[in-house]
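Colleague: Before we start, here is the structure in question, set down as structure tokens.
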Amino acid sequence: MPNQSNNSDLGLLFLRVSLAVVFIAHGFVMYQSLASSMLFFASLGLSPLFVYLVILLEIVGGLLMIFGYLVNFAGSALAIVMLGEMYFVSFQKGFLNGFEYDLVLLLVSLAVALLGSGKYSVDYFFGRQ
């Protein structure tokens, strides 16, 4: 029978990295189309500063997730980003083809924030886990 501890730690690694790839990719797309992102945020009544904040949180938060460093902070910050996205953009579209994907990203971000980074992480290496 496989060691449950090792399976859980490996599962957390897969969860962290897959979540990070999604957020980093989205952050880079927003950065590459900065003018469009600013226009979109302005259409929602949000300051252009929020564009920079979201890009920063998605890229840096994603990198923190990959390395397993400060994942409690990163997961919480990414969950807040998704709450904002759901509130300003996708709730009005309904659940299917609306906010279901955003909800999954929010819940996975919260799960990682609550579970921690696991054994395969910088946090574990430095005894923070």
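Colleague: Sort out which residues of segment 89-129 are polar (S, T, N, Q) and assigned to a helix (DSSP H, G or I), and write them in order of number. Before you say what the answer is, go through the steps one by one.
Modeller: First, the residues of segment 89-129 that are polar (S, T, N, Q): 90, 92, 97, 109, 117, 121, 129.
Result: Ser90, Gln92, Asn97, Ser109.
Colleague: Please work out which one of (1) in contact with a Ser or Thr (Cβ under 8 Å, 6 or more places away or on another chain); (2) in contact (Cβ under 8 Å) with a residue 12 or more places away in the chain is the condition Gly98 fails and give its number.
Modeller: For Gly98, the exception is condition (2).
Colleague: Right, next: So is Leu78 buried (at least 16 other Cβ atoms within 10 Å of the Cβ), farther than 20 Å from Ala25 by Cα, of a type outside the set (Lys, Arg) and in contact (Cβ under 8 Å) with a residue 40 or more places away in the chain or not?
Modeller: Taking the combined requirement at face value, the residue does not satisfy it.
Colleague: Contact list please: Cβ distance under 7 Å, first residue in segment 58-74 and on the phi > 0 side of the Ramachandran plot, second residue outside any helix (DSSP H, G or I), pairs at least six apart or on different chains.
Modeller: Within 7 Å, the pairs are Gly68/Ser117; Gly68/Gly118; Gly68/Tyr120; Gly68/Ser121.
Any read-out appearing in this document is the output of simple, stated calculations on the displayed coordinates, not a laboratory observation. Just so we're clear, the structure is a prediction, and the values are computed from it rather than from any experiment. All Cβ positions, even for glycine, are placed from backbone atoms using ideal geometry, and neighbour counts span all protein chains on display.
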